[in-house]
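First comes the structure, then the notes that go with it.
Rule-based calculations on the coordinates, nothing more; no lab input. What you see is a predicted model; the values in this text were computed from it and never measured. Note that we place each Cβ from the backbone using ideal geometry, even for glycine, and neighbour counts take in every protein chain shown.
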Amino acid sequence: MPRRLRTRTSVLLAAAILSLAAGCSLNDGKGAPGARRGPIEGTFIQYQDWMMKMDERAWHRELDAMQRAGIRLIIIQWLEMNDSRFIPSDSAAVDPTRIILEYADTHEMEVFIGLAYADLWWTRLKDQRYLTLAAQTSIQVANEAWARYGRHRSFAGWYLPQELRDANYPSQHIDALRNFLKGLGDWCRTLSGGKRVLISPSMSGLVPPELFERSYTSLLLGSGVDVVILQDGIGARGWDNDLEGHVVPYFRAMRAACQTAGVTMWSVIEIFHHGGKPSESAPASIERVDRQLAAESPFVSTFVMFDFFHYMSPYRGDAQKRLYNDYLHELVAPTGSSR
């Protein structure tokens, strides 16, 4: 992918043509801003064991960098992942979630708290007994999280980390998944006085867009989900060469499903590219991130990157620092503010 940046005029023109090809105006869809020129609002933070060893100063340095990049929304992906728990049992230990919430309280940011996730989800999600167990585990984490963090005004809602794909789910499976989402989401919403519930499905092109739309319309109706954050798949699937061809049909289909179900739709901008293995993932170029924004902006009004900490933090490495500086220059500085 060439490092040379395209001019703003060419990006805007490409977005306009893309929008017409998608059969919608640039402002089609609630709050859709059309050709996007500005910072991405949010980022996921995916806790890993090594990150628990960072001290408060290191976390503040990361959060300051996020704020300079215009980030005002943080989604903590999970508080429990397989055998790893990210709520410290030792009251004297550094608690990254507390640090993030305290920072967000004083910087007008919002934080969504993720619950429990296990890799078993992908092989057991058709098993009703497993769905019940997964919900119970996440409810326990939600109870603990609310008791520990609920006083923070930046605590904006909940993220359910069990991802869904674009598989051809039979109707009884869709019913079971809908019940899972509704039961867990209702518990979290009641616990927290009505705070929003978010999910983030992925897409891989396994089913045609029409079936994708029908399946998610059925799934979302009555699910109690407030926001769907659709992963654009560009980094995970290596779709750099046909980015628009993959994004537009599925984003259009998901937007239609969300509109029918009365659910808000956001986008996950994957700011990395794969080198064959997850361990070989590296930051994307600013040119590709720009193309992603242009392709997806006709369908959503809010973007969340995956993820700042690993792929854009100026404290991770030279490639991350380069993307960070390019991002500040191209997408933050021209707006006149970080919104």
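Search the structure for amide H atoms under 5 Å from the amide H of Ile45, placed 1.01 Å from N in the peptide plane, and list their residues when 5 or more places away or on another chain.
Here Ile75, Ile76, Gln77 satisfy the definition.
Which is the longest run of the chain containing none of the GluC sites (Glu not before Pro) found in DSSP loop states (not H, G, I, E, B) with at most 16 other C-beta atoms within 10 Å? Provide the component values of the computation, followed by the final result.
On the way: sites that count: Glu108, Glu163.
It works out to 164-339.
Which whole-number percent is the relative contact order of the chain (Cα, under 8 Å, 6+ apart)? Mind showing how you got there, number by number?
On the way: 610 pairs, mean separation 77.8, N = 339.
It rounds to 23 percent for the chain.
Ratio of the chain's C-alpha Rg to 2.2 N^0.38 Å, to two decimals? Write out the running numbers ahead of the final one.
Working: Rg = 19.3 Å, N = 339, 2.2 N^0.38 = 20.1 Å.
So the chain has a normalised radius of gyration of 0.96.
Using r as the Cβ-Cβ distance of Gln259 and Thr137, and R0 as 35 Å, what FRET efficiency do you calculate, to the nearest 0.05? Please report the intermediate quantities before stating the final value.
On the way: r = 33 Å, r/R0 = 0.93.
After rounding, the FRET efficiency stands at 0.60.
Let me know the charge dipole size of the stretch 201-250 about its Cα centre in debye, to the nearest 20, where only the beta-carbon of Lys, Arg (+1) and Asp, Glu (-1) is charged. Walk me through the numbers on the way to the answer.
Numbers: 2 positive and 7 negative charges, 39 e Å.
Approximately 180 debye in magnitude.
What 222 nm value per residue comes from the helices of the chain, counting each DSSP H run with n ≥ 4 as -39,500 (n - 2.57) and dividing by all residues, nearest 500 deg cm²/dmol?
Working: 12 runs with 145 residues, N = 339.
The helix-only estimate for the chain comes to -13500 deg cm²/dmol at 222 nm.
Taking the Cβ-Cβ separation of Asn241 and Met54 as r and a Förster radius of 41 Å, what is the calculated FRET efficiency to the nearest 0.05?
Working: r = 37 Å, r/R0 = 0.90.
It comes to 0.65.
Among the aspartates and glutamates, which fall within straight-line cross-link reach of Lys126, defined as a Cα-Cα distance under 12 Å, with same-chain neighbours fewer than 8 residues apart omitted?
Counting by Cα, and skipping residues close in sequence, Lys126 has these aspartates and glutamates nearby: Asp175.
Roughly how big is the stretch 64-103's charge dipole about its Cα centre, with Cβ charges of +1 (Lys, Arg) and -1 (Asp, Glu), in debye to the nearest 20?
Numbers: 4 positive and 6 negative charges, 48 e Å.
Dipole of the stretch 64-103, to the nearest 20 debye: 240 debye.
What is the set of long-range amide H partners of Ala284 at a cut-off below 5 Å, with H atoms built 1.01 Å from backbone N?
For Ala284, whose amide H was placed from the backbone, the distant partners under 5 Å are Phe272, His273.
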